[in-house]
Amino acid sequence: MLVYWIVFFILAFLALGKMDKRKAFLYSFIILMVLGATRGSTVGNDMRGGYSAEFYYIHADPSTWGSVMYQFEVGFAWLMGNFKDYVSDNKMLFFHSLFFVTFLMRYYPIKWYSRNGALTLLFMFGLGYYFAMYNTMRQELAFSIICLFLPLVIEQKRYALFAVATVITALLFHKSQVVLLLFIPMAMFYGHRWLNFRNLSIILIVSYIVGLTAINKIFGVLGQYAYVFAGDNSNYAGYMTSESGIGNFSTLTTLLHTLFCIYVLYLHRHKNDVFLLCYVVGVVTLNLLTPISWIYQRIAYAFMYFSIFVFTYLWHGIPSRNERGVFRFAVIAYLVVLFSRRLITDNGEDVVPYINYFFE
């Protein structure tokens, strides 16, 4: 845990200090790249679980795919099998290479859309989105690839091409990421006058109340649509028809996310933004679905992730000096609370403690 706090404070120093922004971004990126690409074999559930067992059996021959992890999509199974046969049979080299590629692809959207890359990386790390690349490796790979397509939907308005690229990527690496097709209507309508502070705040509040009081009803509706994820390459269908995960996600955490999102909406009230709408959609998803099963935070975080761009914009872009100062204090406090919670609730079972591969 101490290693992560040291990294946190180093990232904060680089992001908030007087260093040139481009250099600070580069140094922060390198630190996080080295941290993840040299992590030990026990850092992250995926590596010390089924992924390692699958790597033991898998080869380029498709008949060897799915010996342990039957839910692997064909693209990921192909990558793992061909890497083992034609690059190296060292599983740690595969996992480190996978992280390197996944995280490298995050560099470009941050470069394109952030006003301060080092600050955006601090938010990514502090809010826990960085740690997802240690665990949900297939999903994060798919997410990173789809993020490279964002200019298609945001600037170029080539919605059909974005849709095709997103669906293909999701089918190859993680089917759940098809939800990012929602970027299309969000990019089309985020500037609509109806999507204002008042209406979006009401939606957030209602979603929180509904998520607390109508779990059984929502669960029944989800069960009707479980077939979408059914088959031999997804675990989501099981989570949509099993009650074992109910109550495993803190309602206080969702409340904190909801209240802070409303606060951010207020600060952003004079300017609509597609990333702001993504953030709101993510929190609404978190409110409605995580009371049923913790697994749905993975879907919610695919949209909430873009809050790192919203927070960076507000850090520099709030017109009022007083409001800007209050926000900076509030977002740092929010960051510290969520970062502490992520490490404490780990209970030494996931990314804590951090062990470097070269010192195992």
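The values are calculated or read from the model by the stated rules, or taken from the named source; none is laboratory data. Everything numeric in this text was worked out from a predicted model, so none of it was measured. Every residue, glycine among them, receives a Cβ derived from its backbone with ideal geometry; neighbour counts consider all protein chains shown. Remember, those area values only see protein heavy atoms, side chains included, never the ligands or the DNA or RNA. Shrake-Rupley method; radii C 1.70, N 1.55, O 1.52, S 1.80 Å.
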When you look at residue 66, is it surrounded by fewer than 22 Cβ atoms within 10 Å (Cβ to Cβ) and at positive phi, yes or no? yes
Check residue 242 against each of (1) more than 22 Å from residue 332 (Cβ to Cβ); (2) among the polar types (S, T, N, Q); (3) at pLDDT 70 or above and name the one condition it does not meet. (3)
By residue number, the members of segment 258-296 that are among the polar types (S, T, N, Q) and open to solvent by less than 10 Å² (accessible area, probe 1.4 Å) are 258, 287, 290, 293
Out of (1) open to solvent by less than 50 Å² (accessible area, probe 1.4 Å); (2) touching a residue at least 40 places away in the same chain (Cβ under 8 Å); (3) under 26 Å from residue 44 (Cβ atoms), the odd one out for residue 200 is which? (3)
Exactly one condition in (1) at pLDDT 95 or above; (2) touching a strand residue (DSSP E or B) at 6+ places or on another chain (Cβ under 8 Å) is not met by residue 34; state its number. (2)
Top-ranked residue of segment 248-257 - restricted to ones that are assigned to a helix (DSSP H, G or I) and surrounded by fewer than 15 Cβ atoms within 10 Å (Cβ to Cβ), ranked as modelled with the lowest pLDDT: 251
Out of the residues in segment 122-153 that are modelled with pLDDT of 95 or more and β-branched (Val, Ile, Thr), which is surrounded by the most Cβ atoms within 10 Å (Cβ to Cβ)? 146
Can you tell me which residue within segment 310-360, out of those that are farther than 16 Å from residue 125 by Cα and acidic (Asp, Glu), is modelled with the lowest pLDDT? 349
Over segment 154-193, the set of residues among the basic types (Lys, Arg) and buried (at least 21 other Cβ atoms within 10 Å of the Cβ) is 175
Those residues of segment 23-49 which are basic (Lys, Arg), more than 18 Å from residue 117 (Cα to Cα) and assigned to a helix (DSSP H, G or I) amount to 48
Report, ordered by the first and then the second residue, all pairs with beta carbons closer than 7 Å, sequence separation of six or more or different chains, a first member in segment 35-57 that is within 29 Å of residue 10 (Cβ to Cβ) and open to solvent by less than 10 Å² (accessible area, probe 1.4 Å), and a second member that is β-branched (Val, Ile, Thr) and not in a helix (DSSP H, G or I). 40/355; 43/351; 43/355; 44/351
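Could you check how many residues of segment 10-19 are part of a helix (DSSP H, G or I) and within 18 Å of residue 315 (Cβ to Cβ)?
6
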Quick one: in segment 341-353, which of the residues that are open to solvent by less than 30 Å² (accessible area, probe 1.4 Å) and not charged (D, E, K, R) is nearest to residue 140 (Cα to Cα)? 351
In segment 310-333, residues that are assigned to a helix (DSSP H, G or I) and open to solvent by 10 Å² or more (accessible area, probe 1.4 Å) total 15
Only one of these is touching a Leu at 6+ places or on another chain (Cβ under 9 Å), open to solvent by less than 20 Å² (accessible area, probe 1.4 Å) and either farther than 19 Å from residue 350 by Cα or among the aromatic types (Phe, Trp, Tyr) (or both): 14, 32. Name it. 14
State whether one or more residues within segment 171-189 are assigned to a loop (DSSP other than H, G, I, E, B) and either charged (D, E, K, R) or within 12 Å of the chain's Cα centre (by Cα) (or both). no
